[in-house]
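Trainee: Take this structure, written in structure tokens, and hold onto it; I'll ask about it next.
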Amino acid sequence: MKLPRDISAQWTLGWRMLAAATFLVVGTSVKLSTGPAWPGAGRFWALYAGLIVWYAVVAWVGRARMIRAEPWSLGLFAVGWVLWALLIPRHPASFGLAAVFFPATYSMLSIRYSVPAGLVLSAIMFLAGNRWSLRAAPGEILGMLLVVASSVMLSLFIHAIFRQSEERKRLIHELEATRASLAQAERQAGVLEERQRLAQEIHDTVAQGFVGIVTHLEAAETAPGLDGAAAAHVAHAKASARASLAEARRLVWELRPDLVEGKPVAELLERQLAEWSARSGVAGSRVVTGTPRPLGADREAVLLQAAREALNNVRAHARAKHVTLTLSYMDDQVVLDVQDDGAGVNGAPGADGGGFGLRALEERVKALGGSCALESRAGEGATLTVTLSAGADQV
């Protein structure tokens, strides 16, 4: 869908070109209609030059199309009105400058001030043209009233167009925002569908293949005639197959974050820590601070991945005796800290010294607008901190 372009800049340029042409035509008309000995020439051209400078200032100030009628801008317009009022009695061609004043007044002042300002301009034209005398023929008074009525109607018409233009612009922005939101939702749906497909493929092929390997290795262990060396190789192969099966199931879990929905992430973390402690023999404790609340499937899956990665590193490298897993709910954030009392590590997430798992974790955390930090000192343990916003899901 092609959105309509904003033509306000073109109209603004058009009004300014009309003003420039008006100044040129009026000035030329005065020059041609007066002789070299015109006694009021000096004052007239001084006022005329001042009026040109005044309009240049108004055009610069009103480059955003409407001044919105602050008190100082009314003072600026009053300067122009005074100059015009002094100019009209000196030459009748000055009436033509109405083509400058009325458009500038109606397009740059809000409707609250442009209608009274239009009445002031009409009064200036009538009184200055009549040399500031209130005496006038009935026809002149009638003409004045018609000018005033036309001035008011023109002001209301111009501002009605402005309001319609602003409303149209607002609707266009809302349409663009809605389209962007729909596109984001479609992308999220596409990513989720692809995750589900990959998770199903891994579950049906790789994971099931490892299940079969483990089953055959367990059968081989019970087969007669298996000597000690062969039994050791079979046991090692079975352990590797079980570890690979667990990794395949972990990938399925991470590709399908929707699988964790319906269970509090604190409960899942506690279960994860208990299973890890049972396998590793390292004591672990879980602490929850703040008020638990749903975080969305993507965020909860990343927290589970962060805990799993940190615990695996502790088991493989830290030689720790105790691990503390702390989940903190704040007003607009959730923070997971995994702290151990082991030997410490070198490197940080994403650094050359960090492992691939930590770098992959940092990428997922950053994709959700969060941060990931690893603090450690040799002999003083390590702390992995993951901070996520507690907003809506992101992909």
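The values are calculated or read from the model by the stated rules, or taken from the named source; none is laboratory data. None of the values given here were measured: they were computed from a predicted structure. A quick note on method: Cβ atoms are made from the backbone with ideal geometry, for glycine too, and the neighbour counts reach across all protein chains shown. Keep in mind that these areas ignore ligands, DNA and RNA; they rest on the heavy atoms of the full protein, side chains included. Shrake-Rupley method; radii C 1.70, N 1.55, O 1.52, S 1.80 Å.
Trainee: Quick check: residue separation of GLN196 and VAL211 times 0.36 nm, minus the Cα distance between them. What number comes out in nm?
Mentor: Taking GLN196 through VAL211 to full extension adds about 3.3 nm, to one decimal.
Trainee: How many angstrom separate the Cα center of region 155-231 from the Cα center of region 263-319?
Mentor: Result: 23 Å between the Cα centres.
Trainee: Sticking with this one: Could you calculate the FRET efficiency of VAL61 with ALA183 from 1/(1 + (r/R0)^6), where r is the beta carbon distance between them and R0 is 35 Å, rounded to 0.05?
Mentor: 0.30
Trainee: So if R0 is 22 Å, what FRET efficiency would GLU380 and ARG279 give, r being the distance between their Cβ atoms, rounded to the nearest 0.05?
Mentor: That pair, GLU380 with ARG279, gives E of 0.30.
Trainee: Separate question: At what distance in nm do the modelled label points of GLN164 and ALA246 sit from each other, each positioned 7 Å from its Cα along Cα→Cβ?
Mentor: Distance between label points: 7.2 nm.
Trainee: For LYS321, which lysines qualify as cross-link partners when the Cα separation must be under 30 Å and same-chain residues fewer than eight apart are set aside?
Mentor: Partners found: LYS238, LYS263.
Trainee: A further question on this structure: Order 32-42, 278-288, 85-95 from most to least packed using the mean count of other Cβ atoms within 10 Å.
Mentor: Packing order, densest peptide first, comes out as 85-95, 278-288, 32-42.
Trainee: Could you check how much of the accessible area of region 146-237 is carbon and sulfur, as a whole percent, using a 1.4 Å probe?
Mentor: That fraction is 65 percent.
Trainee: Run the simple label-point estimate for MET153 and HIS173 please: 7 Å along Cα→C-beta, distance reported in nm.
Mentor: Rounded to a tenth, the inter-label distance reads 3.4 nm.
Trainee: How much accessible surface does TRP15 have with a 1.4 Å probe, in Å² rounded to 10?
Mentor: Here the accessible area works out near 100 Å².
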